[in-house]
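A.B. asks: Got a structure here, written out as structure tokens. Questions coming.
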Amino acid sequence: MSDQHSQSSAVDAVIVGAGFSGLYLMHRLRGLGFSTRVFEAGTDVGGTWYWNRYPGARCDVESMQYSYSFSEELQQEWDWSERFSAQPEILEYAQHVADRFDLRRDIDFETTVTGAQFDEAQRRWNVETDKGERLSARFFIMATGCISTAQIPDFEGLSDYRGATYHTGHWPHEGVDFTGQRIAVIGTGSSGIQAIPVVAEQAAHVTVFQRTPNYSLPSQNGPMTEDYARSWKDNYTALREEQRHTAKGNIRELNNESALKVTEERRAEMYQKRWDIGGAAFLSSFNDLLVDRDANETAAEFVRDQIRSIVKNPAMAELLAAKDYPIGTKRICIDSGYFETYNRDNVELVDINDTPIERMTPDGLNTSGRSFEFDSIVFATGFDAMTGTLYKVDIQGRDGATLPRKWAAGPRTYLGLMTKDFPNLFMITGPGSPSVLSNMMVSIEQHVDLVTDCIVHMRDKDLALMEPTLEAEDYWVDHVNEVAHTTLFPLAASWYMGANIPGKPRIFMPYIGGVGRYRKICNDVVADDYRGFRFEADTAQAAAAAE
Ligand code: NAP
């Protein structure tokens, strides 16, 4: 199957994106003798960690767990400096991986894939880039990440504003000096919550515009200790394997008790313990927090009380305390001093439910009843998640099928990996896989290994095309939906549900059944002769073999 020459216009696989998915996928495929071309819009590797350079950007999964497991040498030789790493260090890690495994030579940087059409006769994908290059690939693989299409709301008068504007997901590489400036931050999701404390330290004044308050837990971040790093490195083989079979791809102890079946003292003690440990472990304090509304409320109220004790202005504390949706059903935020920031004299909070933003003006913005002036506006307004980036490429499958048309009522995939009518198109951590509900590193490695297995299977069996059946796809879409509705997640207007994008269908997009369960399903599918997929033989290979 291999089209040998690199930099060729005919390759085995075109991979879009040189983030953690694209890098590992290229490494795997190349190691198995497949020719690959990777196209990356940025000037360097790193994906999300290349683009999201806003002040305070940091991973909310511990670095000993948020790192590749595929190379024992790599995981032993790399040292993290903090428990939760900041963006520059994670980017440095991605760069190190690219260099260490000599990946850069097959990556075209500053190149965007604009279109890909499936050629039925050739049984290949014709791929086009914004540099005018056209190439043919047997496999077309979107390794574009789930949260990579930045979203700035269509505020009236936006183009009138004369100051500087920034989106957290497209931060200038040279950094921004806010010293002495009056800043607006719009949005209080994970990005805003990380950026606001750092911006407030620099700027003269920060006004935060909040639509929905978010639950945020302290990271309790600190320097990596030698002992802690050792405890992982000495046991990495077993610990990585354990990660792969957990619910979220993270090893954190679930307390297997119901929050409603323990005493109030026990509950408070458990929440306080987890709060003090830091990070998302808090959500595993009890086994029913994400499935029972009353249980969830006990955790939510604990967090609200923490906010009330941190934020000195009681009215502000109430505004910051989320009340309208269960804790954990929007992506939990992990912060470093977020609520404390509201005790600063130079930070103001504006509730835009009470006084909505009416329009941008040349000098700032108007809410109902008040006019604000700003030197810069920071949009921490999120992303068109999971589908936005897939839709940006003009992908045409069989008979001109497109993803936006096919998925008009919500994404339709089998295993979040493939979608019918788009043969040999793979999505790494696509909608319908655990993806954003998990430690992405674990899910990325699993999907890359799965895609690689599929491609090797096809090479071994002289198969040209792979595609899910309609029945398998229907089954999976129903299953993803059904499992989501056994939890409290659909109760929140979250980006998991597409709720942050006007007009986007409200469907719970990721698979919430758990990383371990999902892995088992995938392994069973493969063991059962790729149940739910149909293949077409490579007739050219078969004819050549017959001669
Ligand atoms: P987000 O969670 O979608 O938050 C966007 C914020 O902007 C929300 O507060 C939202 O309010 C607000 N917003 C959106 N449209 C608005 C409008 N028209 N008017 C006013 N406010 C508006 O986006 P994000 O903070 O960039 O985070 C996205 C995801 O990226 C996270 O959930 C996480 O998965 C990932 N992330 C991870 C890390 C990390 O590892 N630490 C850091 C950053 C991001 P509503 O809630 O009312 O819609």
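The values are calculated or read from the model by the stated rules, or taken from the named source; none is laboratory data. Because the structure is a prediction, the values reported are computed rather than measured. Note that we place each Cβ from the backbone using ideal geometry, even for glycine, and neighbour counts take in every protein chain shown. These area figures cover heavy atoms from the full protein model, side chains too; ligands, DNA and RNA do not enter into them. Shrake-Rupley method; radii C 1.70, N 1.55, O 1.52, S 1.80 Å.
A.B. asks: If Lys and Arg each add +1 and Asp and Glu each add -1, what is the summed charge of the other residues whose beta carbon sits under 12 Å from the beta carbon of residue 336? Working shown, then result.
C.D. replies: On the way: positive: 58, 83; negative: 60, 82, 201, 335, 340.
Summing Lys and Arg as +1 and Asp and Glu as -1 gives -3.
A.B. asks: Let me ask you something else. Under the rule a/c < 1.5 gives rounded, and otherwise a/b versus b/c splits prolate from oblate, where does region 199-290 land using the Cα gyration tensor?
C.D. replies: Verdict is oblate for region 199-290.
A.B. asks: Step through the residues of region 136-142 one at a time and calculate ³J(HN,Hα) from phi using the Karplus curve (6.51 cos²θ - 1.76 cosθ + 1.60, θ = phi - 60°), rounding each to whole Hz and writing x for Gly and Pro.
C.D. replies: Going residue by residue, I get 10, 9, 6, 10, 10, 10, 8 Hz, with x marking Gly and Pro.
A.B. asks: Here is a further query. If you restrict to DSSP beta bridges whose two residues both lie in the chain, what percentage is antiparallel, to the nearest 5?
C.D. replies: Details: 28 of 68 bridges.
Taking every DSSP beta bridge within the chain, about 40 percent pair in antiparallel fashion.
A.B. asks: Are there GluC sites (Glu not before Pro) in region 227-286 that DSSP marks as loop and that have at most 11 other Cβ atoms within 10 Å, and which are they?
C.D. replies: When the GluC sites (Glu not before Pro) of region 227-286 are filtered for loop state and at most 11 Cβ neighbours within 10 Å, 253 remain.
A.B. asks: Restricting to DSSP H runs of at least four residues, report the calculated mean residue ellipticity at 222 nm for the chain, -39500 (n - 2.57) per run over all residues, nearest 500 deg cm²/dmol.
C.D. replies: On the way: 17 runs with 175 residues, N = 547.
Calculated mean residue ellipticity at 222 nm is -9500 deg cm²/dmol.
A.B. asks: Place the peptides 276-283, 399-406 in order of packing, highest mean first, counting for every residue the other Cβ atoms within 10 Å and averaging per peptide.
C.D. replies: Values: 276-283: 19.1, 399-406: 13.2.
By packing density, highest mean first, the sequence is 276-283, 399-406.
A.B. asks: Students often check this: by mean Cβ neighbours within 10 Å, which of 189-202, 117-130 ranks highest, and how do the rest follow? Provide the component values of the computation, followed by the final result.
C.D. replies: Details: 189-202: 22.9, 117-130: 16.6.
Peptide ranking by packing, descending: 189-202, 117-130.
A.B. asks: Just to confirm a number: summing +1 for Lys and Arg and -1 for Asp and Glu over residues other than residue 318 whose beta-carbon lies under 14 angstrom from that of residue 318, what do you get? Don't skip to the answer; put the middle values down first.
C.D. replies: On the way: positive: 304, 308, 312, 323; negative: 301, 305, 324, 351, 354.
With Lys, Arg at +1 and Asp, Glu at -1, the neighbours total -1.
A.B. asks: Quick one: pull the percent of accessible area on region 1-89 belonging to carbon and sulfur, 1.4 Å probe, ligands and nucleic acids left out.
C.D. replies: C and S fraction of accessible area: 49 percent.
A.B. asks: In percent, what relative contact order does the chain have, based on Cα pairs under 8 Å that are 6 or more apart in sequence? Show your work: numbers first, answer last.
C.D. replies: On the way: 1096 pairs, mean separation 101.5, N = 547.
Reported as a whole number, the value is 19 percent.
A.B. asks: Can you work out the accessible area per residue across region 158-379, with the rest of the protein chains kept in place, probe 1.4 Å, in square angstrom? Please list the in-between numbers first.
C.D. replies: Working: 9980 Å² over 222 residues.
On a per-residue basis, 45 Å².
A.B. asks: Turning to a different aspect of this structure: Ignoring ligands, DNA and RNA, what percent of the accessible area of region 155-300 is carbon or sulfur (1.4 Å)?
C.D. replies: Numbers: 3240 of 6820 Å².
Percent of accessible area from carbon and sulfur atoms in region 155-300: 47.
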